Amino acid sequence: MKKELTDKLKKDQRIRFLWQIIMVAFAGIIGGFAFCSFFEPAKIIPTGLSGLAQIIHNLFSANQINIPTSIVYLIINAILFLISLRLFGWKFLVLTFVGLATYTLSMEFLAIPALIAQADDVLLYSIIGGFLYGFGVGVAYRYGGSTGGSDILAMVINKYLPKFKRGFCILFINIVVIVLTVVTSGLQTGLYALIVAVISSIATDFVLDKIKKVRAFYIICENDEKIAEEILKNYHRGVTRLDCEGMFSKKGKSLLLSLIPDVDTEELKFLIKQIEPNAFVFSSAVSETYGDGNFLKEQSIFKNKILKSKSFTKSTMKLKRKEKIKKDKTLHKKKLKMF
């Protein structure tokens, strides 16, 4: 029975990963189509590294050097990809490579001549292109990958400089690209880039809405340490353990409470069955949380070790300061007695 559950879990994981690859590829195609059929024909410079690639392309074109925007974008992302090889998990890198490859190819080959010929209405192209671009980015995020660009750069910056959060890094990159757009192409083009940034952000949030939904899992079990460890390792979510007793059996058990994203619930059920088939599990939808938010903050064993280490260091330093103050007071009293 246990072997069958293990095999089923592995099979489901493989099917899920394949589906992730397909959806990230689809996201790359949508994003590349938006760029070559809406942004480039209307001379709209989007935010992020694709916008930066467009600016570089325009500067080269002004000097009679024709390098396709897709090639510039690929070179920038190739450098970032090499930097991030050792920083992130292999699944994210595989999915990002798929998204980047399909996005770059679509930028080059998916342009529709009919749309290119009617690119006079820049505002309309900004709105439609921004929505499609944001939709593609949201789909890629939702399925665990990306289409390259500013999100990878933001993750690299956050890895080396943890004080700068990922959202702040992306915002900073977008501001830099908009400023460069204004400098190189004028205020009007910069304002269109701002419209694209706002519309694409709304579209991305619309797609990611389901990811933000979580379910509260209540797991009554005996192998609480093992199940909690697997939740921390696989889903990076906090787990709370409560002691409980069955009123019929009079046996003591543990109750684990954890908030898990909607998209991971089926996999978690199989994982619990694999560890303890007789565990009693029930869940409920969470509509609101407040407080310090530990349930929703991503947790990991590594992060917990760092937090514990910092706490231990602070308490040790505090104790040493108290001992030093006490020692100084004792020496001062001795000196007073001598006089």
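The values are calculated or read from the model by the stated rules, or taken from the named source; none is laboratory data. Computed from a predicted model, the values in this text were never measured in an experiment. Please note: Cβ atoms are built from the backbone with ideal geometry, for glycine as well, and neighbour counts cover all protein chains shown.
Once region 134-168 is narrowed to residues that are within 26 Å of I44 (Cα to Cα) and of a type in the set (F, W, Y), the residue that is surrounded by the fewest Cβ atoms within 10 Å (Cβ to Cβ) is F168. Applying the criterion of being modelled with pLDDT under 70 and not acidic (D, E) to the residues of region 267-296, the residue that is surrounded by the fewest Cβ atoms within 10 Å (Cβ to Cβ) is Y290. Taking the criterion of being surrounded by fewer than 16 Cβ atoms within 10 Å (Cβ to Cβ) and assigned to a helix (DSSP H, G or I), the residues of region 257-266 that qualify are D262, V263, T265, E266.
Can you name every residue in region 209-241 that is surrounded by 15 or more Cβ atoms within 10 Å (Cβ to Cβ) and closer than 30 Å to G51 by Cα? The answer is I211, and nothing else. For region 178-202, the set of residues classified as of a type in the set (G, A, S) and either part of a helix (DSSP H, G or I) or closer than 24 Å to I152 by Cβ (or both) consists of S185, G190, A193, A197, S200, S201, listed by residue number. Residues of region 179-200 that are within 28 Å of the chain's Cα centre (by Cα) and surrounded by 16 or more Cβ atoms within 10 Å (Cβ to Cβ): L180, T181, G190, Y192, A193, L194, I195, V196, A197, I199, S200. Please go through region 26-48 and give me each residue that is buried (at least 22 other Cβ atoms within 10 Å of the Cβ), among the aliphatic types (A, V, I, L, M) and either within 24 Å of the chain's Cα centre (by Cα) or in a helix (DSSP H, G or I) (or both), ordered by number. A27, I30, A34 - these are the residues of region 26-48 that are buried (at least 22 other Cβ atoms within 10 Å of the Cβ), among the aliphatic types (A, V, I, L, M) and either within 24 Å of the chain's Cα centre (by Cα) or in a helix (DSSP H, G or I) (or both). The number of residues in region 217-250 that are within 16 Å of Q274 (Cβ to Cβ) and among the basic types (K, R) comes to 2. Considering region 134-154, the residues that are in a helix (DSSP H, G or I) and at pLDDT below 80 include one that is farthest from Q188 (Cα to Cα), namely R142.
So is K11 outside any loop (DSSP other than H, G, I, E, B), assigned by TED's automatic domain parsing to the domain that holds Y192, closer than 15 Å to A140 by Cβ and basic (K, R) or not?
Values: outside any loop (DSSP other than H, G, I, E, B): yes; assigned by TED's automatic domain parsing to the domain that holds Y192: yes; closer than 15 Å to A140 by Cβ: no; basic (K, R): yes.
Here the answer is no, as K11 does not meet what is asked.
If a residue must be surrounded by 24 or more Cβ atoms within 10 Å (Cβ to Cβ) and modelled with pLDDT under 85, how many such residues does region 105-133 contain? Final tally of qualifying residues: 1.
One residue alone among I157, I116, I175, I128 is assigned to a helix (DSSP H, G or I), in contact with a Pro (Cβ under 6 Å, 6 or more places away or on another chain) and in the same structural domain as Y73 (by TED's automatic domain parsing), and that residue is I116.
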